[in-house]
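Below is one structure, written out as structure tokens; comments come after it.
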Amino acid sequence: MKIYIPTLAELRKIEVHDNGEPMVSLNELEPLIVCYSKMEDMFPFTGKQIFVRATVRDKLLAMQKELTAFNPKMKLLIYYGYRHPQIQALYFQEIGNKIKKEGEDPVLFEERVNLFIAHPSVAGHPTGGAIDASIVLNDEELDMGCKIFDFDQPNKIVTFSDEISEAQLANRILLLNLFQRAGFAPFYGEWWHFSYGDREWAIQFHSPHACYGQIDFDLYPNGSKQRNSKGILTTSTAFH
């Protein structure tokens, strides 16, 4: 299947008109939707809560109703929502340092790194519009062929990997179709990543502009949550 992944150059051309929509916590939706709030990189900013824009929250609720109608024992599993811009920038730098080639053209280098971790200038997670998700059945995650954030298996994490079984692909397509029907744009480089309202969404849905811009969302601006020497915790590996 032919898939389309926007380039960094294309994403940068998209204008952003933030609609000012508020951020809301997904943890308030439990147990209807399962929130795996263990991404320690966001603890200093939001504690153990996962935040998204209000429309994203409403769409997830509608998706859960659709999923329940399909199978009453299925639930959405949310791993990640909003990511602070500082964390996004740090991830991009860390991944870039790992894969940098001597003498590589800077423009090509940024494009290449952007396939692993979205460039801070265009990333969807810092807008509150991006979601990393899966599905659970009877409290067990569906077999997607590899675990979420399994970057040690780069050929398996792409949505239509040819290294997974038909049953595993069917589970991925179930997740993909669910999000696409709700108006989310998939990132085909990671089977779990979907976004609404950001630049990637604007390109895939032919919107004249993105409706969510990146924001500095911090429940603890005075640093009341302990932070390391860099100001944030960085033990998570939730990229893009």
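The values are calculated or read from the model by the stated rules, or taken from the named source; none is laboratory data. Note that the structure is a prediction, hence the values are computed from the model and not measured. Cβ coordinates were reconstructed from backbone atoms using ideal geometry, including for glycine residues, and neighbour counts include every protein chain displayed.
Quick rundown of the values:
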{"quantity": "Pairs with Cβ under 6 Å, 6+ apart, first in the stretch 95-124 and of a type in the set (F, W, Y), second surrounded by 14 or more Cβ atoms within 10 Å (Cβ to Cβ) and not in a loop (DSSP other than H, G, I, E, B)", "calculated": "F116/I95"}
{"quantity": "Which listed residue, of I5, I14, I33, is over 27 Å from Y220 (Cα atoms) and either without any contact (Cβ under 8 Å) to a residue 60 or more places away in the chain or touching a Ser or Thr at 6+ places or on another chain (Cβ under 9 Å) (or both)", "calculated": "I14"}
{"quantity": "Sole exception among (1) crowded, with 19+ Cβ neighbours inside 10 Å; (2) of a type in the set (S, T, N, Q); (3) free of Cβ contacts under 8 Å to residues at least 40 places away in the same chain for T159, by number", "calculated": "(3)"}
{"quantity": "Considering residues of the stretch 127-153 that are of a type in the set (V, I, T) and out of contact with any helix residue (DSSP H, G or I) (no Cβ under 8 Å at 6 or more places or on another chain) only, the residue surrounded by the fewest Cβ atoms within 10 Å (Cβ to Cβ)", "calculated": "V136"}
{"quantity": "Hits in the stretch 18-56 - residues which are basic (K, R), surrounded by fewer than 21 Cβ atoms within 10 Å (Cβ to Cβ) and more than 17 Å from S134 (Cβ to Cβ)", "calculated": "K48"}
{"quantity": "Options L174, L137, L142; residue that is touching a Ser or Thr at 6+ places or on another chain (Cβ under 9 Å), closer than 21 Å to F70 by Cβ and aliphatic (A, V, I, L, M)", "calculated": "L142"}
{"quantity": "Where F92 falls short, out of the listed (1) without any contact (Cβ under 8 Å) to a residue 40 or more places away in the chain; (2) buried (at least 17 other Cβ atoms within 10 Å of the Cβ); (3) within 21 Å of R172 (Cβ to Cβ)", "calculated": "(3)"}
{"quantity": "Tally, over the stretch 38-63, of residues that are outside any helix (DSSP H, G or I) and under 14 Å from the mean Cα position of the chain (by Cα)", "calculated": "5"}
{"quantity": "Answer from K65, K101, K38, K2 - the residue that is among the charged types (D, E, K, R) and at pLDDT 95 or above", "calculated": "K65"}
